[in-house]
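Trainee: Right, I'll just put the structure down here and ask away after.
The values are calculated or read from the model by the stated rules, or taken from the named source; none is laboratory data. All figures in this text were calculated on a predicted structure; none of them were measured in a lab. Positions of Cβ are generated from backbone atoms using ideal geometry, with glycine treated the same way; all protein chains shown enter the neighbour counts.
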Amino acid sequence: MLSDESQDQILKKTVLHSTHVESNAKMVSFGGWDMPVQYANGIIAEINAVRNVAGIFDVSHMGRLEFEGEGAESFLSTFLSANLPVLKIGRGKYNFICNEDGGIIDDAMVYRTDDQSFLLVINAGNAEVDMEWINPLIAKSTGFSMNVVTNETAMIAIQGPKAVEIIDGLSNGEASNIRRFRIGSATVAGISATLARTGYTGEDGFEVIVSADQGKKLWNVLREAGAIESGLGARDVLRLEAGLPLHGNDLSTEINPFEAGFGRFAYFEAPNSIAGAALKRLSETEASRALVGFKMIGRGIPRSGLNIHEYNLGNVDESNLIGVVTSGTHSPTLDGGIGMGYVEQKHSATGTKIIIDVRGRPVEAEIVDMPFYKRS
Amino acid sequence: MYPDDLKYSKEHEWVRMNGNIAEIGVTVFAQESLGDVVFVDLPDVGRDVAQFAKFGEIESVKAVSDLFSPVGGKIVEVNAAATDSPEVVNEEPYGTGWLIKVELADASQLHDLMDSATYQATLE
């Protein structure tokens, strides 16, 4: 009934690795790292904890790069799709690293931490590809330094309705001065920390960056304060419920930000932007496909790779194939199957009935607006 | 964890015999490996299933797995509780979380299955 995936690759470990193992987490390979997919109480309990109280996630595997200097803004503008000249100190912006054709190499968060200082957070699984893209550009630019701080820091996300209260309680109320999508510094339980009020769950909360040697201490302090340790399994469901895309599933180099519905995060007017011309052209043409969210009506759970067909009462075959599922799961919060996928533009309107081919079983679904879940 | 009165398959299903009726479910090892079970798809009553053939699917939050029948025969009952409330498979895999009952076609098929001690040895 079950098969083991062989793992020949030597996996990297975050500074919290032994803490996860001691907590009896199930560990899996993710983006080249050995990461907790769930802890003892299971994915559903973790999801409920994040939606109702607060959960903590080890996100130390995500790439963290610091850029500093008078040329940093200009350099970052060559490969990021954020309008950096208007990004004020202490603010963050979701954006993309796109190639010359506008295809998405990675999605990222960029923060301006000071006048001439930036923090860039990239996906763990794309870190190597991103660096291969960025490194040749460095040779052509001047006036800045780049420092990869992934290994010398730990990053812990605390997310949920009690997250801000917990961090406030550990920082003399300093944390809540940092508003949504902003970044600042605070002392949390005696540990000097950088706090970004962002996340990947649809809940309020922080992503807390501390020096690597303080990672375990922070994790334990947050657990003692009532946050529930949560793994990648819960994180994947939470982000899907919140309508947030996952690179590798919903975004790739074969997809551009406009067909993904994220054109508002694809600024293309930076004069030195590598992807600028392509993104401008894509912004002016209607995409042939669109990323949509859908809810299952019939019994079944959508999964990545399943085909999407036009709603009909006849056969499910090539003639009525209109798209493919890129993410899908059972949502405990909504108590049903939900998914995201690309469908032909003309079939992408909200309310459109579709058929998901669940391994030979046609199951009815309906296109709905995302997010599936919005915090109250 | 692995009751002595059951027979086990290498695919991590169990069989409990009552006369010539085989009650079938998944083992503790299977439900723990899967994690939270959120969907169970079972066949219609009256269908025949061959020994070791697929009879349904079980899904956790993360993954889909096929269910294989440890014995062959006619499916005489399916557990609506498992399809309506899949968490019973985690909670009581040998009790209310059973999946199907099969009218055993050939009793000698039971010899192809393992006893509790042999099955547990395969898990180590």
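Trainee: Name the pairs whose Cβ atoms lie under 9 Å apart, with the first residue in the stretch A:341-355 and closer than 24 Å to A:H247 by Cα, the second surrounded by fewer than 14 Cβ atoms within 10 Å (Cβ to Cβ), and 6 or more positions between them or separate chains?
Mentor: Hits for this filter: A:E344/A:S288; A:Q345/A:E286; A:Q345/A:S288; A:T350/A:D369.
Trainee: If you don't mind, there's one more thing I want to ask. Which residues, taken from the stretch A:66-98, are touching a residue at least 60 places away in the same chain (Cβ under 8 Å), assigned to a loop (DSSP other than H, G, I, E, B) and buried (at least 16 other Cβ atoms within 10 Å of the Cβ)?
Mentor: A:G69, A:S81, A:A82, A:G90
Trainee: Return only the number of the condition from (1) closer than 23 Å to A:A278 by Cα; (2) at pLDDT below 95; (3) in contact with a Gly (Cβ under 7 Å, 6 or more places away or on another chain) that A:I138 does not satisfy.
Mentor: Here A:I138 clears every test but (3).
Trainee: Taking helices (runs of 4 or more DSSP H) that fall entirely within the stretch A:203-305, which contain at least 1 residues that are crowded, with 19+ Cβ neighbours inside 10 Å, touching a strand residue (DSSP E or B) at 6+ places or on another chain (Cβ under 9 Å) and away from chain B (no Cβ under 14 Å)?
Mentor: Values: elements: A:215-224, A:232-241, A:276-284.
Counting at least 1 such residues, we get A:215-224, A:276-284.
Trainee: Among the residues in the stretch B:84-103, are any of a type in the set (S, T, Y), surrounded by fewer than 18 Cβ atoms within 10 Å (Cβ to Cβ) and part of a helix (DSSP H, G or I)? If you could, list the steps in order and put the result at the bottom.
Mentor: Restricting attention to the stretch B:84-103, the residues satisfying the condition of being of a type in the set (S, T, Y) are B:85, B:94, B:96.
From what's left, surrounded by fewer than 18 Cβ atoms within 10 Å (Cβ to Cβ): B:85, B:96.
From what is left, the residues that are part of a helix (DSSP H, G or I) are none.
The answer is no, given that none of the residues of the stretch B:84-103 is of a type in the set (S, T, Y), surrounded by fewer than 18 Cβ atoms within 10 Å (Cβ to Cβ) and part of a helix (DSSP H, G or I).
Trainee: What residue, of A:G160, A:G184, A:G169, is surrounded by 15 or more Cβ atoms within 10 Å (Cβ to Cβ) and either at positive phi or modelled with pLDDT under 95 (or both)? Before the answer, list the steps.
Mentor: Numbers: A:G184 fails: either at positive phi or modelled with pLDDT under 95 (or both); A:G169 fails: either at positive phi or modelled with pLDDT under 95 (or both).
Exactly one of A:G160, A:G184, A:G169 is surrounded by 15 or more Cβ atoms within 10 Å (Cβ to Cβ) and either at positive phi or modelled with pLDDT under 95 (or both), namely A:G160.
Trainee: Still on this model: Exactly one of these conditions fails for A:L313: (1) at pLDDT 95 or above; (2) assigned to a loop (DSSP other than H, G, I, E, B). Give me its number.
Mentor: So the condition that A:L313 fails would be (1).
Trainee: Shifting gears a bit: Tell me whether the stretch A:329-344 contains one or more residues that are modelled with pLDDT of 95 or more, away from chain B (no Cβ under 13 Å), farther than 21 Å from A:A260 by Cβ and surrounded by fewer than 21 Cβ atoms within 10 Å (Cβ to Cβ).
Mentor: Looking for residues that are modelled with pLDDT of 95 or more, away from chain B (no Cβ under 13 Å), farther than 21 Å from A:A260 by Cβ and surrounded by fewer than 21 Cβ atoms within 10 Å (Cβ to Cβ), one finds none in the stretch A:329-344, hence no.
Trainee: Now, a different point. Within the stretch A:345-356, how many residues are buried (at least 18 other Cβ atoms within 10 Å of the Cβ) and either part of a strand (DSSP E or B) or out of contact with any strand residue (DSSP E or B) (no Cβ under 6 Å at 6 or more places or on another chain) (or both)? Write out each step before concluding.
Mentor: Our first condition is that a residue be buried (at least 18 other Cβ atoms within 10 Å of the Cβ); within the stretch A:345-356, this holds for A:347-348, A:352, A:354-356.
Checking which are either part of a strand (DSSP E or B) or out of contact with any strand residue (DSSP E or B) (no Cβ under 6 Å at 6 or more places or on another chain) (or both) leaves us with A:354-356.
Qualifying residue count for the region: 3.
Trainee: Looking only at residues that are more than 9 Å from chain A (Cβ to nearest Cβ) and of a type in the set (S, T, N, Q) in the stretch B:30-51, which one is surrounded by the fewest Cβ atoms within 10 Å (Cβ to Cβ)?
Mentor: B:Q51
Trainee: Determine, yes or no, whether B:E23 is among the acidic types (D, E), touching a Pro at 6+ places or on another chain (Cβ under 6 Å) and buried (at least 18 other Cβ atoms within 10 Å of the Cβ).
Mentor: Values: among the acidic types (D, E): yes; touching a Pro at 6+ places or on another chain (Cβ under 6 Å): no; buried (at least 18 other Cβ atoms within 10 Å of the Cβ): yes.
The answer is no for B:E23.
Trainee: Moving to a separate point now. Of the residues that sit in the stretch B:60-82 and are at the interface with chain A (Cβ under 9 Å from one of its Cβ atoms) and within 14 Å of the chain's Cα centre (by Cα), which one is farthest from A:G300 (Cα to Cα)? Walk me through how you get there before you give the answer.
Mentor: First pass over the stretch B:60-82, keeping only residues at the interface with chain A (Cβ under 9 Å from one of its Cβ atoms): B:60-68.
From what is left, the residues that are within 14 Å of the chain's Cα centre (by Cα) are B:65-68.
On the way: B:S65: 13, B:D66: 14, B:L67: 16, B:F68: 19 Å.
Ranking the candidates gives B:F68 first.
Trainee: What are the pairs, 6+ residues apart or on separate chains, where a residue within the stretch A:33-51 that is facing another protein chain (nearest Cβ under 8 Å) has its Cβ under 6 Å from a residue that is part of a strand (DSSP E or B) and at pLDDT 95 or above?
Mentor: Taking only residues 6 or more apart or on different chains, the pairs are A:V37/A:K26; A:V37/A:V28; A:Q38/A:K26.
Trainee: Output the residues belonging to the stretch A:207-250 that are more than 14 Å from the chain's Cα centre (by Cα) and hydrophobic (A, V, I, L, M, F, W, C).
Mentor: Scanning the stretch A:207-250 gives A:V208, A:I209, A:V210, A:A212, A:L218, A:W219, A:V221, A:L222, A:A225, A:A227, A:I228.
Trainee: Just one of the numbered conditions (1) touching a Lys or Arg at 6+ places or on another chain (Cβ under 8 Å); (2) within 17 Å of B:N90 (Cβ to Cβ); (3) not hydroxyl-bearing (S, T, Y) is not true of B:E59; which one?
Mentor: (1)
Trainee: Could you identify the single residue in A:I356, A:I274, A:I301 that is within 24 Å of the chain's Cα centre (by Cα) and under 23 Å from A:D236 (Cα atoms)?
Mentor: Working: A:I356 fails: within 24 Å of the chain's Cα centre (by Cα); A:I274 fails: under 23 Å from A:D236 (Cα atoms).
Exactly one of A:I356, A:I274, A:I301 is within 24 Å of the chain's Cα centre (by Cα) and under 23 Å from A:D236 (Cα atoms), namely A:I301.
Trainee: Can I ask one more? Six or more apart or on different chains, Cβ under 8 Å: which pairs go from a residue in the stretch A:316-339 that's more than 15 Å from B:E59 (Cβ to Cβ) to one that's of a type in the set (F, W, Y) and surrounded by fewer than 21 Cβ atoms within 10 Å (Cβ to Cβ)? Could you list them?
Mentor: Going by the 8 Å Cβ cut-off, the qualifying pairs are A:T333/A:Y373; A:L334/A:Y373.
Trainee: Only one of A:G243, A:G261 is out of contact with any Pro (no Cβ under 7 Å at 6 or more places or on another chain) and on the phi > 0 side of the Ramachandran plot; which? Spell out how you get there, then give the answer.
Mentor: Numbers: A:G243 fails: out of contact with any Pro (no Cβ under 7 Å at 6 or more places or on another chain).
Just one listed residue meets the conditions, A:G261.
Trainee: Can you pull out every residue in the stretch B:48-67 that is closer than 18 Å to A:R361 by Cα and aromatic (F, W, Y)?
Mentor: Residue satisfying the conditions is B:F55 alone.
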